[in-house]
Structure formats: structure tokens, C-alpha cells
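K.L.:
Take a look at this one; I'll ask things after.
Taken together, the values in this text are just the output of simple stated rules run on the coordinates, not laboratory data. Note that the coordinates shown come from a computational prediction; the quantities given were computed from them, not determined experimentally. Cβ: placed from backbone, ideal geometry, glycine included. Neighbour counts: every protein chain shown.
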Amino acid sequence: MTPAPIDQKLRGELRALLGPKVRFEEPMRSHTSFHIGGPAQIWAEPANPQVLLSLLGLARQNGLPVTPVGGGANLLVADDGIPGLVIHPAGPGFQGLTRTESGLRVGAGVSIEKLIRATLREGLAGVEFLAGVPGKMGGAIRMNAGTHDEEGVVRSISDAADAITTVGAEGRTQTLSNREADFRYRSSGLAGQIVTEAHLSLSPDDPSAIEGRVKALWALKRRTQDWTAPSAGCIFKNPAPGAPAAGWMIDRAGLKGFRVGGAMVSPIHANFMINCGNASARDVFALIDEAAGRVEKMFQVRLELEVQVLPRDGGSHDSLA
């Protein structure tokens, strides 16, 4: 569906609020690790939570749909793009990273790489498993990002997050406990909320020991994951514990190296789909459908998407999520 045009009055109000931090028809391929995606009708980067509240007020007054986007590391944006207002909370007011008695308070715009560096500097253990995970804190909290730790145990950022501050589309700010955030495997109950900061509960440890674990995990990921081309990381969630991993099943289905247009199932890690240079979202959706169909036929397992598809009403592929 073609989005309604943005009138000059609204354009002026957005520019008055955001200055150069608002852009129109902004290509989303510039803001995702996949390097895929049509335009955001309005791309907005509020400087701080106060500006975010004003921006959400404008969205309500003008009936604009609101889509928050963090580091873009786990996103597949449709070729038609995203209608309405896409909010990227990465301004200075979302970059806070401060020590507390029990850990760190981290703004939504802080990158995971910067977070890991801070834990090394402060001698705080508990999130080393995030080493090598791309993206920013807001998206990591929203999607409960994680991976295996050095012992092969599945870990998630919710293991450390004990308080999360969010703003809803209606402009209400609230701080939620870990339980209230309703964290689940690679998801949470924070849909419709924009994460502005989180508090992580961490444990003091020898910085050299933390650094050793980080380096070991980085080395493992470089051996086992595909870093040769743009991707969104794992496309599918792994099934329940005890079941084969999604990548293992896709590999056994003979799809490593399988290609549609500019998109290919990674020859290195079958749960990665890579952009060979000119992939469209349509190409990736075709690979998703092929992989899910073959796995269901061979293993009677229905794979669920881990990658987030935007917009969320974009077509039949959403039935996998």
C-alpha cells in the first residue's frame, strides 16, 4: 500500500524539532547489516528522550505509524520500505553508559561493542557472551539478543537486564522489571515500546579473565559464522532444546550455497543468508520459504523466524514468525 504523502506543514515541524536529523525517503539499506530495504518514509534521530516524546506527539497528531529501529543488525526490510515514522534513538541522550553499585546503566544507542569495552574497563562480568553480536542496546533488549557462551550454554541479555526504561507510542515512560518485560527466547513483551535505557546487573571480575573469555568467543564466531558478506545473522530461531539446530537441518536439506537472485544460503553457516551484492528482500523471502519448506518436509519441524521483518504486515513470509 502506498503511504499517504507527508505535507509541508509536518515536514516543517519535523525539521524544526530535529534539524538535519530527519530525512525523507531514506534508504533502509543504509541502516541494516543486510544492506537491503526500501525507503523509510520519515527517518528520525531524536537527540534525547525529551525530543523523542515530542516526536511521538507529532506522530499521534498526524496519525503516523511508528517503527523503532536500533542498529539494524537483525532486520529484513521489504523492498517497498516502511511507511510513516522510523525512529532511530541513537542521539547523545541515548549514549549514556554509567557505573552503578550493581552493574551498568546503558542507553539504547550504545553499541554492543562499546558495552563490551566498558565491561573490560570496569572489570564487570556477565555479558561476555555478547562479544561479536552486532547492533545496539535498544534492539538487543527488545529482541533479547544472545548466543552461546564459552561453555556452549545458550545465554541472553535478559540474564543480566534487571530494569528497562521504555516509552510507548502514547508518550508514557515506564521502568519495567525483568519479569514485567516478559523476556522469551529471542523476543520479549516490549512490542509497541521504544527502549531508552536498561540497567544490567553484573559481577566484579578480573579484567584479564573477562578479556580472555571475550577473545575466545570472538575466535569461535569467526571460525563458525559467515563474515564474508552482509547478513542479518541467524535467520531462524533454533527449535526447542534437544532438537537439531536450524542451521544443521537446513544444511542436511542440501541448501548450503543455494541462491535466489542476489541472496544465498551461506556455504559456511546454513542459518545465515547473505547478500552477494545486489540482493532484494524478495530474494531473501524466497530463500526463507525454500528453507522452511524443505526442513518441514524432511524433519516435520516448522521453523520460526528470528530475523525481524519490517513492515510487519508485509506478506505470507510473516506466517513463519
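K.L.:
For segment 95-209, give the magnitude of the charge dipole about the Cα centre (Cβ charges: +1 Lys/Arg, -1 Asp/Glu; no others), in debye to the nearest 20.
P.N.:
Its charge dipole is roughly 460 debye.
K.L.:
How high is the relative contact order of segment 1-104, in percent, counting Cα pairs under 8 Å that sit 6 or more residues apart?
P.N.:
It comes to 30 percent, rounded to a whole number.
K.L.:
If you place +1 on the Cβ of every Lys and Arg and -1 on the Cβ of every Asp and Glu, how big does the dipole about the Cα centre of segment 229-320 come out, in debye to the nearest 20?
P.N.:
The dipole magnitude comes to about 200 debye.
K.L.:
Show me the ranking of peptides 168-179, 188-199 by mean Cβ neighbours inside 10 Å, starting with the highest.
P.N.:
188-199, 168-179
K.L.:
Calculate one ³J(HN,Hα) per residue across segment 253-259 by plugging θ = phi - 60° into the Karplus curve 6.51 cos²θ - 1.76 cosθ + 1.60, and present them in order as whole Hz with x for glycine and proline.
P.N.:
Result, rounded to whole Hz: 7, x, 9, 4, x, 5, 10.
K.L.:
Give the distance, in whole Å, between the Cα centre of segment 74-97 and the Cα centre of segment 128-155.
P.N.:
That distance is 19 Å.
K.L.:
Moving on to the next point. Separation of segment 168-185 and segment 20-62 by C-alpha centroid, Å?
P.N.:
22
K.L.:
Taking a quarter of the surface of the convex hull around the Cα atoms of segment 95-209, what do you get in nm²?
P.N.:
6.7
K.L.:
Residue by residue through segment 262-274, which ³J(HN,Hα) values in whole Hz follow from phi under the Karplus form 6.51 cos²θ - 1.76 cosθ + 1.60 (θ = phi - 60°), with glycine and proline marked x?
P.N.:
Using θ = phi - 60°, the values come out as x, 10, 9, 5, 4, x, 9, 9, 5, 8, 9, 10, 10 Hz.
K.L.:
From Cα pairs below 8 angstrom and at least 6 apart in sequence, can you work out the relative contact order of the chain, rounded to a whole percent?
P.N.:
16
K.L.:
Provide the net charge surrounding Ile210, with neighbours chosen by a C-beta distance below 13 Å and charges set as Lys +1, Arg +1, Asp -1, Glu -1.
P.N.:
-3
K.L.:
Follow-up. Put +1 on the Cβ of every Lys and Arg and -1 on every Asp and Glu Cβ in the chain; which of Ser266, Ile235, Val127 then has its Cα farthest towards the positive end of the dipole?
P.N.:
The one lying farthest along the dipole's positive direction is Ser266.
K.L.:
With the dipole of the chain worked out from charges on the C-beta (+1 for Lys and Arg, -1 for Asp and Glu) around the Cα centre, which of Cys276, Ala191, Ala209 lies farthest toward the positive end?
P.N.:
Cys276
K.L.:
Measure up Lys21/Lys136; Lys221/Lys297; Lys114/Lys256; Lys136/Lys221 against 27 Å on the Cα-Cα distance and list the ones that go over.
P.N.:
Long pairs (Cα-Cα over 27 Å): Lys221/Lys297; Lys114/Lys256.
K.L.:
Quick one: Cα convex hull volume of segment 8-87, Å³ per residue?
P.N.:
Per residue, the Cα convex hull of segment 8-87 comes to 84 Å³.
K.L.:
Can you tell me which of 208-215, 107-114 comes out highest on packing, and rank the rest after it, using the mean Cβ neighbours within 10 Å?
P.N.:
Packing proxy ranking, top to bottom: 107-114, 208-215.
K.L.:
Treating the beta-carbon of each Lys and Arg as +1 and of each Asp and Glu as -1, no other charges, what is the dipole magnitude of the chain about its Cα centre, to the nearest 20 debye?
P.N.:
Around 360 debye, computed over the chain.
K.L.:
Considering the convex hull of the alpha carbon atoms of the chain, report its projected area averaged over all viewing directions, in nm², one decimal.
P.N.:
That works out to 16.1 nm².
K.L.:
Hey, another quick one. So how many Å³ per residue does the convex hull of the Cα atoms of segment 229-320 work out to?
P.N.:
89
K.L.:
Along the charge dipole of the chain, which of Gly19, Gln300, Trp218 sits closest to the positive end, that is, farthest toward it, with unit charges on the beta carbon of Lys, Arg, Asp and Glu (+1, +1, -1, -1)?
P.N.:
Value computed over the given set: Gly19.
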